[in-house]
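One structure below.
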Amino acid sequence: MAQATPPSRAPGSRYTDENPWAASGAVFAAVLMLVEGVIGILKGITGIANDDVYARVGDYTFKFDVTAWGWIHLLLGIVLVVVGAGILKGASWARATGVVIVALDIILNFLWLPYTPLWGLISIAIGVFIIWALCTEKGSRSLVS
């Protein structure tokens with residue numbers, strides 16, 4: 001008796017076990033990392049150049065000088081851009097590094113909430129999506145040709 005190969009395992013089949021949302025999401029996540037990194041770089045440059053550009057909303061436990069926040073955003077933004085480009089190229093180190101760096105970015109944006117509450121919440125939501133996409137996509141192949 002011959003065994004039939006399930007459609008998802010047949011050679012050349014368009015059906016795979018991969019979640020198409022996750023595979024597409026990984027490319028989108030890498031692009032979002034690039035965008036989030038560039039925005040972080042711009043926030044950092046703004047905070048470094050002009051210490052009074054951001055006004056704090058209310059009293060908050062985590063108080064940093066805006067210049068210090070600027071340097072933090074600048075450095076993390078550069079790392080996000082590098083890791084996002086690595087994910088697009090399919091670098092084996094980039095996916096795990098991306099999850100860790102984006103988790104740090106989420107924490108940073110939480111601490112940054114008193115300065116830009118709406119954008120901080122949007123950045124946190126984007127970070128959660130990026131982590132989901134990077135954790136659910138299988139393989140370490142190049143995501144773009």
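The values are calculated or read from the model by the stated rules, or taken from the named source; none is laboratory data. In this text, all values refer to a predicted model and were calculated from it rather than measured experimentally. Neighbour counts are summed over all protein chains in view; Cβ atoms, including those assigned to glycine, are modelled from backbone coordinates with ideal geometry. Just the protein is used for accessible areas: all its heavy atoms, side chains included, with ligands, DNA and RNA removed. Shrake-Rupley method; radii C 1.70, N 1.55, O 1.52, S 1.80 Å.
The combined condition, being under 23 Å from ALA29 (Cβ atoms), surrounded by fewer than 18 Cβ atoms within 10 Å (Cβ to Cβ) and at pLDDT 90 or above, is fulfilled by ALA103. One residue stands out among those in region 108-133 that are touching a helix residue (DSSP H, G or I) at 6+ places or on another chain (Cβ under 6 Å) and either among the small types (Gly, Ala, Ser) or not in a helix (DSSP H, G or I) (or both): the one that is surrounded by the most Cβ atoms within 10 Å (Cβ to Cβ), which is ALA133. In region 62-100, the qualifying residues are those that are among the polar types (S, T, N, Q) and in a helix (DSSP H, G or I), and the one that is surrounded by the most Cβ atoms within 10 Å (Cβ to Cβ) is THR97.
Is one or more of the residues making up region 51-59 open to solvent by less than 60 Å² (accessible area, probe 1.4 Å), at pLDDT 90 or above and in contact with a helix residue (DSSP H, G or I) (Cβ under 6 Å, 6 or more places away or on another chain)? There is no residue in region 51-59 that is open to solvent by less than 60 Å² (accessible area, probe 1.4 Å), at pLDDT 90 or above and in contact with a helix residue (DSSP H, G or I) (Cβ under 6 Å, 6 or more places away or on another chain).
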